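Undergrad: Take a look at the following structure, please.
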Amino acid sequence: MTAADPLSLVLIAFLGMAFVMAGLWALQLVVRNASIADVGFCAGLIAVVLWYASQATGETERKALVVLMAGFYAGRLGLHLLLNRIVGKREDARYCRLREEWGVREPGRMFGYFQLQAAAVAGFSLPFLVVMQNPRPPFGFWELAGFILWCAAVSGEAVADRQLARFRADSRNRGRVCRDGFWFYSRHPNYFFEWLHWWAYVVMAIGAPGWPLTWIGPVAMGWALLKVTGIPLAERQASASRGEAYRAYQRTTNAFFPWFPKPDRPISR
């Protein structure tokens, strides 16, 4: 089997996901819950990585490991989003705010957002493809080190999500700020572990052809979480809904990197 052309595979993946996301955009016109785009990203990533495994060269054992990693990571996250943001739930407040801000242009801009998710699937699938097509025998030092990092990051994100879900499920915590577990050390530990997870593929592919392409994962995810759709929107919504309690949390606790909280020094008026 000749080496698969990464550019062709990624282009086909994008075109397929663009069609899927157009369908999900049409569905959200009915259900009015844009979080299906996030679930679509997770399901799409699994489908694309499975397709890569059928097309790419590389050792069968390595491709099987990559498929399992992608399936567990995206499957867990997608199920979490499905149960916590879609099934029996109102649309996430961040999407509601975007709809209000976009006004009459909301349908077209939302369509563009869904297509960005299609592009994101194609872009974030590249690290998996690079690892799959590594010509070296499996499983060397760097692959094992990357896999250990992957286990720690995915486990950390799952624990952080569970801690927040348990906090929110208790009606006594309505209007309060979660400081349980990892949330004591970071305002967004789930985002931190999500970002950390993408470094695992960088480590696994060290020395492999196309290794620089694996940096797309942590660089693009870090930018999105820190500057675009992650922390900025979440902070704005949390500050609006929890007021001074959240502003005190902001003064004492790191937004992203986990660390011990600082003493609270309220701003004098």
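Undergrad: Considering each residue of the range 166-225, count those that are hydroxyl-bearing (Ser, Thr, Tyr) and in a loop (DSSP other than H, G, I, E, B), and give that number.
TA: Restricting attention to the range 166-225, the residues satisfying the condition of being hydroxyl-bearing (Ser, Thr, Tyr) are 171, 185-186, 191, 201, 214.
Restricting the remaining residues to those that are in a loop (DSSP other than H, G, I, E, B) gives 185-186.
The number of residues fulfilling the criteria is 2.
Undergrad: Looking for whichever is at pLDDT below 95 and in contact with a Pro (Cβ under 6 Å, 6 or more places away or on another chain) here; the options are Glu91, Glu59, Glu106, Glu101. Which one fits?
TA: Details: Glu91 fails: in contact with a Pro (Cβ under 6 Å, 6 or more places away or on another chain); Glu106 fails: in contact with a Pro (Cβ under 6 Å, 6 or more places away or on another chain); Glu101 fails: in contact with a Pro (Cβ under 6 Å, 6 or more places away or on another chain).
Every option except Glu59 fails the conditions.
Undergrad: Might you check whether a residue that is over 21 Å from Tyr95 (Cα atoms) and not assigned by TED's automatic domain parsing to the domain that holds Val131 occurs anywhere in the range 235-246? Spell out the reasoning first.
TA: Here is the first cut: in the range 235-246, the residues over 21 Å from Tyr95 (Cα atoms) are 244-245.
Restricting the remaining residues to those that are not assigned by TED's automatic domain parsing to the domain that holds Val131 gives 244-245.
Checked the range 235-246: at least one residue is over 21 Å from Tyr95 (Cα atoms) and not assigned by TED's automatic domain parsing to the domain that holds Val131.
Undergrad: Looking at Pro189, Pro218 in this structure, which one is modelled with pLDDT of 95 or more, buried (at least 23 other Cβ atoms within 10 Å of the Cβ) and farther than 12 Å from Val130 by Cβ? Talk me through it step by step, then tell me what you get.
TA: Details: Pro218 fails: buried (at least 23 other Cβ atoms within 10 Å of the Cβ).
On inspection, the qualifying residue turns out to be Pro189.
Undergrad: For the range 119-151, how many residues meet the condition of being assigned to a helix (DSSP H, G or I) and touching a residue at least 12 places away in the same chain (Cβ under 8 Å)? Before the answer, list the steps.
TA: Our first condition is that a residue be assigned to a helix (DSSP H, G or I); within the range 119-151, this holds for 119-132, 141-151.
Then drop every residue that is not touching a residue at least 12 places away in the same chain (Cβ under 8 Å), which leaves 119-132, 142-143, 145-147, 149-150.
Here the count works out to 21.
Undergrad: Quick check: anything in the range 88-96 surrounded by fewer than 17 Cβ atoms within 10 Å (Cβ to Cβ), without any contact (Cβ under 8 Å) to a residue 12 or more places away in the chain and part of a helix (DSSP H, G or I)?
TA: yes
Undergrad: Give just the number: which of (1) over 22 Å from the mean Cα position of the chain (by Cα); (2) in the same structural domain as Met17 (by TED's automatic domain parsing) does Met132 not satisfy?
TA: Condition (1) is where Met132 drops out.
The values are calculated or read from the model by the stated rules, or taken from the named source; none is laboratory data. These numbers were taken from a predicted model, which means no experiment stands behind them. Ideal geometry is used to build each Cβ from the backbone, glycine not excepted, and the neighbour counts take in all protein chains shown.
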